[in-house]
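In what follows, a single structure is set out as structure tokens and then discussed.
Derivation of every value follows stated rules applied to the coordinates shown; laboratory data play no part. What you are looking at is a predicted structure, and each value in this text was computed from that prediction instead of being measured. Note that we place each Cβ from the backbone using ideal geometry, even for glycine, and neighbour counts take in every protein chain shown.
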């Protein structure tokens, strides 16, 4: 662990999603919070199950929305965001994200994605006007939450090889594309490579110790590790129809790698 | 529309996820239900918002689970499934899936994935012992729900080019990989190519009419269109570490296409 000098002190939001306070997810969350605080950072925690976070978007999220009017979710959420009239628990989470220099999502992989309660945090918090949208310059993504780093910390029951380059489930980075690129890149955050603990259904003590050490290294590098170098829409890598310009990729590049600049 | 002869009559479960009964999602759901019924099929509908579906997995899902015992979600859900002791609303949805010859998921794409309420339907319904698991032969996926077809019908605000081969968001099929391969293939269902309506935030009347016609064609082909030819784990395409065997792919194939057999 490295201690932060005052100018290195950062603000970190940890969002955790598991119903069991004695789970591996809860242990990793507690470890991250303690490790980051011991390094001198400020940490806030959104423990979604403990908060009884409502997962579903509905009209209650927008108190000013007239009950008899058709709910156009993006429009209503944008209007409520810009008017400062989102439901208070959503506004509170937006304030935490805005406050933060980095966001860590800690969750078990359920059906190759986040648990519903965490999806509901994403659906409800990252409204138009907050995470993206015409009121956030420039007009299309990549900017609203710029300057923040983002780290996925995930546990998965499967073994690592099943998420490797030729693994049956697809590469971990491809499976997490909706988060890494869809959420983080789109809102202007800088996603790091995901941190994953595999074989998590029955993790022996000694492997948990190793996982903690690896996690500590990733937490220490939260503000110094190289983010995933996704290509830039506002930087001119895509045409007006939002297709990657011809010929910019390395020969043989394909799949979702098209959207990452060649490294090194 | 083609009318089904008695032996072509099938059972179809439509799962719909939108809070607004006058939404495009609700219109497409109603259209699908009517079109399939008019063709002679039996249709059941799970309208998740209308059902006030609980999105989050928690201990209440497993009434026999002792409150003071650590909740190991996969273990508890498998135990409750095999003992017939899942909460009644989960058991009811499992019965609908088991009854069906095809499942259609109708939803708006929110953050490059399903709305939280639908993620919660997936998280809670596809338990170990139902959708996969050691009690379902063979021991690892691809079989539990075999014989069923699966169709994603999604609406997205973005234009189609943004989800094309070189589109900034990634190809639609890659973005939907956690559903198409993660959920459907893994549980043994046969996923069709997704059906998508783009530019959905403000769809003019005439484009809605065109979308309905296209949807009708996809519904007519629900049991005759070719499913996505994902490779097979039980069929021997992968090694014991669950990595694709060397050299089986077409030259130049990469990304998630590795897991699809070359077509045609």
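Assorted remarks:
- Virtual paramagnetic centre 7 Å along Cα→Cβ of residue A:8, amide N under 18 Å, in segment A:99-123: A:101-102
- Shape call, the protein assembly as shown: gyration tensor on alpha carbons, a/c limit 1.5: rounded
- Summarising the label geometry, the points placed 7 Å from Cα in the beta-carbon direction at residue A:232 and residue A:52 lie 4.6 nm from one another.
- Compactness of segment A:43-155 as Cα Rg over 2.2 N^0.38 Å, two decimals: 1.09
- Estimated inter-spin distance, residue A:59 and residue A:240, nm [label 7 Å along Cα→Cβ]: 4.0
- If the convex hull is drawn through the Cα atoms of segment A:152-264, its volume per residue in Å³: 125
- Helix content alone sets the calculated 222 nm mean residue ellipticity of chain A: runs of n ≥ 4 DSSP H residues at -39500 (n - 2.57) each, divided across all residues, give -7500 deg cm²/dmol.
- Kirkwood hydrodynamic radius over Cα pairs of segment B:79-134, then Stokes diffusion coefficient at 20 °C and 1.002 mPa s, in µm²/s: 173
- Across segment B:199-264, the fraction of Cα-Cα pairs farther apart than 19 Å, rounded to a whole number, is 56%.
- Mean separation of Cα contacts under 8 Å (6+ apart) over length of chain B, as relative contact order %: 17
- Nearest-to-axis residue of chain B, judged by beta-carbon position, where the axis maps B onto A, in Å: B:255, 1
- Convex hull of alpha carbon positions in segment B:1-91: directionally averaged projected area 8.0 nm².
- Copy-to-copy label separations for residue B:91, where each label sits 7 Å from Cα toward Cβ, in nm and ascending: 4.4
- Normalised alpha carbon radius of gyration of segment A:8-228 [divisor 2.2 N^0.38 Å]: 1.03
- DSSP finds beta bridges in segment B:8-228, and of those with both partners inside it, around 5 percent are antiparallel.
- Estimated FRET transfer efficiency (residue B:165, residue B:30; beta-carbon r; R0 30 Å; 0.05): 0.35
- Label-to-label distances for residue B:146 across copies, nearest first, come out at 5.3 nm, using points 7 Å from Cα in the beta-carbon direction.
- 7 Å along Cα→Cβ, label-point gaps from residue A:210 to other copies, nm, shortest first: 5.5
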